[in-house]
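A quick write-up on the structure given underneath.
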Amino acid sequence: MATSPSAPLRVLTGITPSGTPHLGNYVGSIRHSVRQSVAPGVESFFFLADYHALIKVQEPALIQRSTLEIAASWLACGLDPERVTFYRQSDIVEIPELTWFLTCVTGKGVLNRAHAYKAQLDKNIAKGEDPDADVTAGLFMYPVLMGADILMFNAHKVPVGRDQVQHIEMARDMAQRFNHQYGEHFTLPEAEIDDAVATLPGLDGRKMSKSYGNTIAMFAPRAQLQKQIASIVTDSRAPGEPKDTEGSALFQIYQAFASAEETEALRKAYAEGIGWGDAKQMLFERIDLEVAPLRARYEALMNDPAEIERILLIGAEKARKLARPFMAELRHAVGLRNLAAGAGKGGARKAKVAKPSFKQYRERDGLFYFKLLDASGAALLQSRGFASPQEAGRAIAALQQQRGAALATLADRLEPAGPEELRAANEALEALAEATAPTNGS
Ligand code: TRP
């Protein structure tokens, strides 16, 4: 099997489950990210940021409901859990641990400047209250938790709205500081703002947002969708009078769903004085055309929460296949180490992990294999067959250079290993790197 010439682009998308998904979420994020997830050369991570939800929502039933609804929405919109890594943040126990590591390299001053936190302070000050009134440490730490989400999977791109760009920059900053202190472990992420992705206006013409209470629910039953669309604010022009498309929320929402020709047709109808009632009917029909099949899938999924739970747990296992060895690497990097395994300069090294080695060989099937052995010759890792010794050699080089991270990326070229075996292999790779690194001083 040929190996791909370049590593896939990792794209990571998170949604906080703190409410019911609306058409603004669909047009602004879900639709686009699901489409992007099937692009060749892209490796996508989608997750429900339920730890983040705890910062804003203190109603347990609402958290549970919203997590279910958003998971069902993504699946209904065509997210393929076989193809992407789809999980719930709180299932990845490594995330809070990484959050702590990042906390310890993040300047408090940096967090002081975070918009969401500052906005709350400014509001308090304006009201003449204690600046910290109603500010939890959770709100203050929000960007660090988000940094852990992103850096855990070494995402290259993070599609976000403009309001989240600062958080991505902070994550970059955390990655840089950590790498500077402990060696190159993290990829520096970049925000991806797609200006082609519309911000949808809401019922009142302002941006569609839960906080304005102007949303159209994404999977409302047909009748309710029609009622909500009927309440879109328009002007008082009568049927027969030409209408302005400029600044018309109804027109903009239509445009987000319609083809260029359909949009042109509505523009013409506006000029010819279509009545608002008829225009709303057109909008309703157009949205329903796109949403109806999704709604049917959504309803089926909502009726089977156990299936969604199952999908998320499989996704969590897939994500943790990467997170577990990576976290072991990071623990080692910061000095949370097995005390018996090489106590640093001058310290007595335990022979067992002091000099691990790779052994390459050819099997009778004609393929090339390798093993990672500990100093006593016991196998820690067993590769699968490679077509050429060069390919096997490249995999070994990746393990030597990237260690834990390569354990994750090479997972399908290695025989499956349990968490304990992976940990031991990771320790051995670290010890090997340390033993071969040029030392300074005695
Ligand atoms: N803060 C994001 C929001 O409210 C959700 C989120 C949490 C997120 N962690 C993330 C988005 C990591 C992208 C990457 O929209």
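The values are calculated or read from the model by the stated rules, or taken from the named source; none is laboratory data. As the structure is a computational prediction, the values presented were derived from the model and not from experiment. Counting neighbours? That spans all protein chains shown, and the Cβs are built from the backbone with ideal geometry, glycine included.
If the requirement is being within 30 Å of Glu430 (Cβ to Cβ) and among the aliphatic types (A, V, I, L, M), which of these qualifies: Leu312, Leu283, Leu266, Leu322? Walk me through it before giving the result.
Details: Leu312 fails: within 30 Å of Glu430 (Cβ to Cβ); Leu283 fails: within 30 Å of Glu430 (Cβ to Cβ); Leu266 fails: within 30 Å of Glu430 (Cβ to Cβ).
It is Leu322.
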Give the stretch 219-256 a look and list any residue that's modelled with pLDDT under 95 and within 26 Å of the chain's Cα centre (by Cα), or say none.
Ala256
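Just to be sure before I move on: is Phe186 at pLDDT 95 or above and either away from the ligand (no atom under 13 Å from the Cβ) or among the aliphatic types (A, V, I, L, M) (or both) in the structure I sent?
On the way: at pLDDT 95 or above: yes; either away from the ligand (no atom under 13 Å from the Cβ) or among the aliphatic types (A, V, I, L, M) (or both): yes.
For Phe186, the condition - at pLDDT 95 or above and either away from the ligand (no atom under 13 Å from the Cβ) or among the aliphatic types (A, V, I, L, M) (or both) - is met.
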Limited to the stretch 40-88, what total is found for residues that are surrounded by fewer than 15 Cβ atoms within 10 Å (Cβ to Cβ), over 23 Å from Pro8 (Cα atoms) and among the acidic types (Asp, Glu)?
1
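Based on what the data block shows, is Ile274 outside the structural domain of Asn25 (by TED's automatic domain parsing), crowded, with 18+ Cβ neighbours inside 10 Å and touching a helix residue (DSSP H, G or I) at 6+ places or on another chain (Cβ under 6 Å)? Write out each step before concluding.
On the way: outside the structural domain of Asn25 (by TED's automatic domain parsing): yes; crowded, with 18+ Cβ neighbours inside 10 Å: yes; touching a helix residue (DSSP H, G or I) at 6+ places or on another chain (Cβ under 6 Å): no.
Here the answer is no, as Ile274 does not meet what is asked.
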Of the numbered conditions (1) more than 12 Å from the ligand (Cβ to nearest atom); (2) assigned to a loop (DSSP other than H, G, I, E, B); (3) buried (at least 19 other Cβ atoms within 10 Å of the Cβ), Ala155 satisfies every one except a single condition; which is it?
(1)
Say we look at the stretch 180-237 and pick out the residues that are polar (S, T, N, Q) and in a loop (DSSP other than H, G, I, E, B); which of these is surrounded by the fewest Cβ atoms within 10 Å (Cβ to Cβ)?
Ser236
Quick check, is Glu129 acidic (Asp, Glu) and in a loop (DSSP other than H, G, I, E, B)?
yes
Which condition number in (1) without any contact (Cβ under 8 Å) to a residue 12 or more places away in the chain; (2) of a type outside the set (A, V, I, L, M, F, W, C); (3) crowded, with 16+ Cβ neighbours inside 10 Å is the one that Glu97 fails?
(1)
Hand me the list of helices (runs of 4 or more DSSP H) wholly inside the stretch 7-123 holding 1 or more residues that are within 12 Å of the ligand (Cβ to nearest atom).
31-37, 50-56, 60-76, 94-103
If Phe140 passes every condition in (1) touching a Leu at 6+ places or on another chain (Cβ under 8 Å); (2) of a type outside the set (Lys, Arg); (3) more than 10 Å from the ligand (Cβ to nearest atom); (4) not in a helix (DSSP H, G or I) but one, which one does it miss?
(4)
I want to confirm something. Restricting to the stretch 158-174 and keeping residues that are more than 10 Å from the ligand (Cβ to nearest atom) and modelled with pLDDT of 95 or more, which single residue is surrounded by the most Cβ atoms within 10 Å (Cβ to Cβ)?
Met174
Which of the residues that make up the stretch 388-405 are at pLDDT 90 or above and small (Gly, Ala, Ser)?
Ser388, Ala392, Gly393, Ala395, Ala397, Ala398
Scan the stretch 34-50 residue by residue and report those that are touching a Leu at 6+ places or on another chain (Cβ under 6 Å) and touching a residue at least 60 places away in the same chain (Cβ under 8 Å).
Phe45
